[in-house]
1. Just to check your reading of the model, which residue among Asp268, Asp289 is among the acidic types (Asp, Glu), touching a Leu at 6+ places or on another chain (Cβ under 8 Å) and within 15 Å of Tyr345 (Cα to Cα)?
2. Taking segment 15-66 on its own, how many of its residues are among the basic types (Lys, Arg), under 30 Å from Arg340 (Cα atoms) and modelled with pLDDT of 90 or more?
3. Which of the residues that make up segment 31-62 are part of a helix (DSSP H, G or I), farther than 25 Å from Ser99 by Cα and not polar (S, T, N, Q)?
4. Could you grab me the full set of residues in segment 270-291 that are of a type in the set (Gly, Ala, Ser), under 29 Å from the mean Cα position of the chain (by Cα) and either assigned to a strand (DSSP E or B) or not assigned by TED's automatic domain parsing to the domain that holds Asp308 (or both)?
5. Please give the number of the condition Asp198 fails out of (1) more than 28 Å from Ile18 (Cα to Cα); (2) among the charged types (D, E, K, R); (3) without any contact (Cβ under 8 Å) to a residue 24 or more places away in the chain.
6. Out of (1) at positive phi; (2) touching a residue at least 24 places away in the same chain (Cβ under 8 Å), the odd one out for Gly447 is which?
7. Would you mind finding the one in Ser500, Ser495, Ser468 that is out of contact with any strand residue (DSSP E or B) (no Cβ under 7 Å at 6 or more places or on another chain) and either surrounded by fewer than 19 Cβ atoms within 10 Å (Cβ to Cβ) or of a type in the set (Phe, Trp, Tyr) (or both)?
8. Out of curiosity, is Cys68 touching a strand residue (DSSP E or B) at 6+ places or on another chain (Cβ under 7 Å) and over 20 Å from Gln86 (Cα atoms)?
Amino acid sequence: MSGSELQLRYSHLCEAGIKPANEDAVAVNVPEDPHLLTYKGACFALADGVSTAGAGQQASERAVSRFCREYSQTPDSWSVAYSATQLLATINNELYELSHQFVHNQKGYLTTFTALIIKSQTAHFFHIGDSRLYHWRDGVLVQLSQDHTTVLSGQRQFLGRALGMDARVALQQGSQSLRPGDRFLLCSDGISDFISDDELQRAVSTATDLSLTAVQLKQQALAQGSDDNLSLILVEVATLPQQSLDDLNQHLTRLPFPPALSVGMKLDGYKVLSELFASSRSHLYLVEDEASGRQLVLKCPSLNYDDDALYIDRFIREEWIGLRIESDYVVKVVRQTRPRSFLYYLMEYLPGQSLEQWFERQPKPLKPALAIKLVKQIAEGLTAFHRMGAIHQDLKPGNIIYLDDGCLKIVDFGSVYVAGLAEIYSPLQHEAALGTAAYSDPHYLLGHNSGVQGDIYALATIAYELFSGGHLPYGNAVEECRTAADYDKLRYRSSHQFNSVIPAWFDRALQKGVSLDLSQRYQSINQLLTDLQQPNPEFLHEEVKQEHRTNPLLFWQLLSGFWFITLLLVVWLFLLRR
C-alpha cells in the first residue's frame, strides 16, 4: 500500500572480522526533515577500501561519509542521477589527487563504492568495484550491481574499477521502481564471496528483524571461512508516498525568475527589507524570514538571462557549492526548508563592509600584525574551497566582507570552478574572462585553468596590497594586458619601495606568490603562508649571494679611496720639504 510519505526500515553493520583492521565503511542518511526526505530522499552507501593500495581505509571512509552528507546539500532542482554523478566525480577527483600526492610512498586512495538513494517511488543506485547491491521482491533476490573484476585464471582475479583509480570515474548507475515491502541488500565481498546467492535470498526472504538478520549473515560468513572485513546494509520499504516526484522535478528545473523586488514585497515567506546590490547579472536583497524573524540575504538571477540555460545551471550550482563549503571565513548558504516558487537562494546576512571599502579608510600602510592577521583569515577561507576540490577564481577585496568584529568572510560563488566536474587544467569555456584583472591569475584571463595556483596568485596580490599600502605587484599596467605578449612585458615591483619596513625575504615570498611562471609560483597556500611568517632559508641564502656579488665592487671602491688619500699625503709632504 502507499502512504502519505516515504517510510523505511533499515539496519547496517561494519566490522573487521578476523582481519586486524577494518577497511570497509558504511554511511546512512535518512533525513528527519520532511522537506529533505521528499525532495532529496534517503541515502545509503557502502565502500570496501583496496587494502593493497595503502590508504584504502581512508578512501572508503571519506567516500561514504562525504557522499551521504553532501548529497542532501545538492540543489532540489537537480535530479538524483545528476546530483550523485556530479558529487561522485568530485570525490573521485579528490581521491585520485591524494593518490598522486603520495606516489613516492606507493600510497593509493582506492575503494569500491555502492550507493542506494530512495526518493519518492524510485530507488536509484550508483556502483563501482566489486561490492554488491541486491533487490528483493516477492521472494526473489536479484543482483543489480555488476562486479567490476577481471578473472585471470582459476581463483586469480583483480579489481578493474574503483573510486580514485582514474581521473574519470566510470560508474554503473540504474533505477528500480518501488513497491511497499521491497528490500535491498548492500554488502562487501567479505559477505558475498562466502554466502551463496541462494543463501542470501533465504535470509532476506525470512527476515522479520533486520538487525538480527544482519548479525546472522555476518556470523554465517565467518562460519563459512570469510577472512575479509564484513559490511552490509539492509533496507526495507515500509510505505511509499502517493505522488510521484517526476512532474515536480520537471517543475523545479523550470522555476521562473523572480520579478524585480522592492521594499515590503514578500517572496515565499521572505519579506524584502532593502536592496543590497544590483548588477546586470544578479540582485541581492536583505530579507526577513517571517516564520523565524531571521535576517538573510536573498540572491536572485537577473531577468537578462532567463532564457540562458548555461547561466541558469551556473546559478543553481552556486547554491550547491555554498552548501558544501564549511568555514568560519566563508559566507554560509542557507538550506531552505520550504518549497520555492521562484529561482533564488539564501545566504547568511553579514553586517559589515567589503575589505576594499574598509581598506580605503585605513591609514597606510597597515601595521604588519594586522595585515598578516587578515591574510591568514583569507587563506583559511580559500583552504576550505580547496579541500572540497573547488577553486574560487575571483578572489579580490570586493568579494571579501570585513565584519564589524574584525573578522573576514569570502563571498560570491559565481566564478567558482569545481575540479571534479570537468577536466582539470583544460581550457575553460566562458562567455567572458573570469575575475578582475588586477587580482586574477593571467592564466585565467588567457583562458587556462591554473587550479589552486590561481587562487594563490590572488591571495599573494591582496597580501602585497595590504602590506605595501595599496599598490599592486605589477602596477596598473596589468589591467591593460590582453595577450601573453603583454604579460611578458610586466616586471615585478619590489614592495620594499612602497614600505621600507618590509624585509627582503618577505618581499621575495610575495614575488614568488605572484610569479607569472607557474613553475616558480607556490604550489599550496600553506607554503605561501609559511614563507610570509618566517624567513625562508632559501631567500636568506639569495641575499647572502647578492651581498657577495656586491662586495668586490665595494672593495675596489674602498681601495681607490685609500690610494687617493695616500696620494694627497705624498703631495702634501713633498710641498712641505720644498
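1. Working: Asp268 fails: touching a Leu at 6+ places or on another chain (Cβ under 8 Å).
Only one candidate qualifies: Asp289.
2. First pass over segment 15-66, keeping only residues among the basic types (Lys, Arg): 19, 40, 62, 66.
Next cut, under 30 Å from Arg340 (Cα atoms) only: 40, 66.
Applying the additional criterion that residues be modelled with pLDDT of 90 or more yields 66.
Matching residues across segment 15-66 total 1.
3. Start the filter on segment 31-62 by keeping residues that are part of a helix (DSSP H, G or I), which leaves 34-39, 51-53, 56-62.
Now narrow it down to the ones that are farther than 25 Å from Ser99 by Cα: 34-39.
Pro34, His35, Leu36, Leu37, Tyr39, listed by residue number.
4. Filtering segment 270-291 down to residues of a type in the set (Gly, Ala, Ser) leaves 274, 278-280, 282, 291.
Going one step further and asking which of them are under 29 Å from the mean Cα position of the chain (by Cα), we end up with 278-280, 282.
Passing the criteria: Ala278, Ser282.
5. All conditions pass for Asp198, except number (1).
6. (2)
7. Details: Ser495 fails: either surrounded by fewer than 19 Cβ atoms within 10 Å (Cβ to Cβ) or of a type in the set (Phe, Trp, Tyr) (or both); Ser468 fails: either surrounded by fewer than 19 Cβ atoms within 10 Å (Cβ to Cβ) or of a type in the set (Phe, Trp, Tyr) (or both).
Residue meeting the stated conditions: Ser500.
8. Working: touching a strand residue (DSSP E or B) at 6+ places or on another chain (Cβ under 7 Å): yes; over 20 Å from Gln86 (Cα atoms): no.
Judged against the criteria, Cys68 is not a match.
The values are calculated or read from the model by the stated rules, or taken from the named source; none is laboratory data. Keep in mind that what you see is a predicted model, and the values were worked out from it rather than measured. Every residue, glycine among them, receives a Cβ derived from its backbone with ideal geometry; neighbour counts consider all protein chains shown.
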